[in-house]
Amino acid sequence: MNIAVQVCGLINTIVLLIFYKSARRLELYKRRIFYYILIITVIDIITDILSVFAIHFRGNLSPVLVEISCKLYLCMLIVQVWSALIYTISDIMPKQKHIMVSSVLAILAIIECFLVAKYPIYIFENDGTVFTYGPCVKLLYFFGVVNLCAIWITTFVFDKRILSRRKYAVRLWMGIWLAGMAIQAINNALLVAGFAASLGMMVVYFLLENPEGNIDKQYNCLNSIALSEYAGECILNEDPFVLCNISMDDSMVHKGRNDDTEKRQRELITYLNTFNGINVFKNFDKNIIITSGGRDKVMEAVEGFRKRYMISDPGLADSKVILLEDAHSFTSLEEILRLIDYMKSRRNEDDESIVTVTEKNVEDYEHRDMMRDEIRRALHDDRVEVFLQPIYSTESKRFTSAEALVRIRNKDGGLISPGLFIPVAEETGQINELGRRVLEKTCEFMAGSEAESLGLEYIEVNLSVVQAERMTLFEEIMETVKKYRVEPGRINLEITESALIQAKDAVLNNMNRLKDVGFTFALDDFGKGESNLMYLVEMPFDILKLDMDMTKAFHVNDKAKSAVRTVRYMADDMKLKVVAEGIETREELDAFVEYDIDYIQGYHFSKPLPMPDFVRFIKKSNEGSRTA
Ligand code: C2E
Ligand code: MG
Ligand code: MG
């Protein structure tokens, strides 16, 4: 009996099955399908061996039984090939859809089995070698080749949606199977189809389904590949899941126990593994991720570890936890991890240790992401524009300066206002390039012949604190002004008061260097939020800009009036000029003129204007003031 090859294949597949069943693995839908295929392969090879036995001992058995056993094996082959197709498409469509498609494929498999079973089968046996032949076997070969090719083609049709490693494994698997069938078709006595199927299973096992590939051996938990597969499947199937990131970075560093970080992480993971209903993953850096279908299970584990280590290792118990409910509503794990990073970057020391991501957080994150891309594209396509808002001197009764205000022109020609993108640019660091561009365009404007005729003394340029504290700020600014041969004295740099709180020393250093070569400085938004008069005392400002809120309060609140009066006296004493921002009406203008405010800026005169409009405005207005 020529069953040696089949027996090898059977042992092979049973060993795989045992390995697979006994290994710790992540329960996934596609994994279950793979497990069923392993069982089908075992049954297939057993029916193969049984059919050889039936043929061999056909003298003692009824012909119907022999025929049934041979045809059962052939039908199992068909079932196996179809189930391979079901496996191949298991992670490119949602589970519900996949079940529907699989049902249709199962009907096709039944039809094929029915047709194969209908046709006659003949048996050949000579000198211990047995095989079957005839129309039934020919039909099986036909279906086998067509079905295998269908799977092969499927991997090309869904080329973009099937992972490249999966494509490679499935194609190899189909190749081995086709080769097995071809050998058997050419030499009927070589019954290698079953063995080829078992070899194919080995390929898929080791390339795709090896549970070991999902394990982080160092930490004895699931790894980032497993996380990506788990999240990918939940997102595809819209299966709700909660994801919780435990980040150990801060606690480890702060408690000065860096040396045993790894050991402590391992300990925490071992503890988390004792909870049922959660998956524990070790992600990159010092992040542990736990997932579960429901929030309660995750919280049970989180509260459990915090309580457990509260006394023995407070640093560990204090690890920052970010909890993301409805994680399935995101488009990919990468997006989820980017959101987690964003949440981490925004954390304050005094935040609660467990932070639940809110809808607002997600909206802010999406806005930041979109804005970051928009800023990047705008910088690349040169869609960054500088508008100028005229500033009126109450002494000379004409416009003597202007504030440069950045705008991004979107692709449709509309304008994006700085309130939307400056905070993002500051967070992402793009403000440095953006600020450089604004200064460059301002200098270019000032160097032009038209600007000279306007009689502007200087232009105010906003400096974000991110820029103001940069070590290379001085060199960068000097490079730009030198390029356009603009006198430093014609640029006044505005720094916002609230921003100074974080980085006073670094900013002071840059200010002193820039002042030495002739730049002047304005303290922007004075009176907004927490005012600290010490900035005025300690830092070399030349101009103080009253915030718009202060300007507005001035008209409705007597206390604001006395505050403005006091600021005016103080500014005089300190030899500072004062600008009132946000003057919108004639009454407001008159009131501030009466208070002897040096400069007025606001919509009453003009909104910020594109450069050509600004030139026209100043020419017309200053012309008028001269003739008046
Ligand atoms: P800011 O520096 O305090 O600029 C004044 C803002 O008040 C400008 O808003 C201006 O259009 C607006 N404004 C002026 N007069 C009036 C008025 O009468 N009524 C009202 N309602 N608003 C008035 P904008 O252009 O939207 O800029 C907002 C903020 O964005 C600026 O506040 C500044 O902090 C920042 N920004 C603008 N351009 C730049 C830049 O090039 N670099 C940096 N780092 N920040 C910038
Ligand atoms: Mg300003
Ligand atoms: Mg301001």
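Side notes on the structure shown:
- Filtered residues of region 429-452 (kept if buried (at least 17 other Cβ atoms within 10 Å of the Cβ) and of a type in the set (S, T, N, Q)): Gln430, Asn432, Thr442
- Matching residues, region 388-445, being more than 10 Å from ligand 1 (Cβ to nearest atom), among the hydroxyl-bearing types (Ser, Thr, Tyr) and closer than 30 Å to Asp596 by Cβ: Tyr392, Ser393, Thr394, Ser396, Thr400, Ser401
- Check on Ser103, of a type in the set (Ser, Thr, Tyr), outside the structural domain of Tyr230 (by TED's automatic domain parsing), within 30 Å of Leu208 (Cβ to Cβ) and loosely packed, with under 14 Cβ neighbours inside 10 Å: yes
Listed here are the residues, each with its yes/no results for (1) touching a residue at least 24 places away in the same chain (Cβ under 8 Å); (2) of a type in the set (Asp, Glu).
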{"site": "Lys307", "(1), (2)": "no, no"}
{"site": "Glu335", "(1), (2)": "no, yes"}
{"site": "Glu359", "(1), (2)": "no, yes"}
{"site": "Val362", "(1), (2)": "no, no"}
{"site": "Arg372", "(1), (2)": "yes, no"}
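- Among residues of region 5-24 that are in contact (Cβ under 8 Å) with a residue 60 or more places away in the chain and within 19 Å of Ala193 (Cβ to Cβ), those with a beta-carbon under 6 Å from a residue that is among the acidic types (Asp, Glu) and in a helix (DSSP H, G or I) at least six positions away or on a different chain give the pairs Gln6/Asp48.
- Remark: pairs (first residue in region 150-179, part of a helix (DSSP H, G or I); second residue aromatic (Phe, Trp, Tyr); Cβ separation under 7 Å; 6+ apart in sequence or on different chains) = Arg171/Trp152; Met174/Trp152.
- Arg308 over 26 Å from Leu236 (Cα atoms), surrounded by 14 or more Cβ atoms within 10 Å (Cβ to Cβ) and in the same structural domain as Asn220 (by TED's automatic domain parsing): yes
For every residue, the table says whether it meets (1) in contact with a Pro (Cβ under 7 Å, 6 or more places away or on another chain); (2) in contact (Cβ under 8 Å) with a residue 40 or more places away in the chain.
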{"site": "Asn283", "(1), (2)": "no, yes"}
{"site": "Lys286", "(1), (2)": "no, no"}
{"site": "Val321", "(1), (2)": "no, yes"}
{"site": "His328", "(1), (2)": "yes, yes"}
{"site": "Thr331", "(1), (2)": "no, yes"}
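- Residue among Ile269, Ile340, Ile336 that alone is in a helix (DSSP H, G or I), aliphatic (A, V, I, L, M), crowded, with 20+ Cβ neighbours inside 10 Å and more than 21 Å from the chain's Cα centre (by Cα): Ile269
- Residue match in region 523-535 (condition: within 42 Å of the chain's Cα centre (by Cα) and touching a residue at least 60 places away in the same chain (Cβ under 8 Å)): yes
- Positions within region 565-584 being closer than 20 Å to His604 by Cα and either away from ligand 1 (no atom under 16 Å from the Cβ) or not small (Gly, Ala, Ser) (or both), in sequence order: Val578, Val579, Glu581, Ile583, Glu584
- Number of the exception - Lys138 against (1) closer than 30 Å to Phe53 by Cβ; (2) in contact with a Ser or Thr (Cβ under 8 Å, 6 or more places away or on another chain); (3) basic (Lys, Arg): (2)
- Annotation: of all residues in region 585-615 being more than 43 Å from the chain's Cα centre (by Cα), assigned to a loop (DSSP other than H, G, I, E, B) and over 15 Å from Phe541 (Cβ atoms), the one that is nearest to ligand 1 (Cβ to nearest atom) is His604.
- Yes/no for Thr400 being away from ligand 2 (no atom under 16 Å from the Cβ), in contact (Cβ under 8 Å) with a residue 12 or more places away in the chain and surrounded by fewer than 17 Cβ atoms within 10 Å (Cβ to Cβ): no
- Restricting attention to region 106-132, the residues that are surrounded by 11 or more Cβ atoms within 10 Å (Cβ to Cβ) and part of a loop (DSSP other than H, G, I, E, B) add up to 2.
- For region 568-615, a residue qualifies if it is within 14 Å of Met548 (Cα to Cα), of a type in the set (Ser, Thr, Tyr) and buried (at least 16 other Cβ atoms within 10 Å of the Cβ), and exactly one does: Tyr599.
- Of the residues screened, Arg470 is not one that is within 20 Å of Glu487 (Cα to Cα) and touching a helix residue (DSSP H, G or I) at 6+ places or on another chain (Cβ under 8 Å).
- Looking only at region 556-584, residues that are touching a helix residue (DSSP H, G or I) at 6+ places or on another chain (Cβ under 9 Å), away from ligand 3 (no atom under 15 Å from the Cβ) and of a type in the set (Val, Ile, Thr) come to 1 in all.
The values are calculated or read from the model by the stated rules, or taken from the named source; none is laboratory data. Quantities reported herein were computed from a predicted structural model and do not represent experimental measurements. Positions of Cβ are generated from backbone atoms using ideal geometry, with glycine treated the same way; all protein chains shown enter the neighbour counts.
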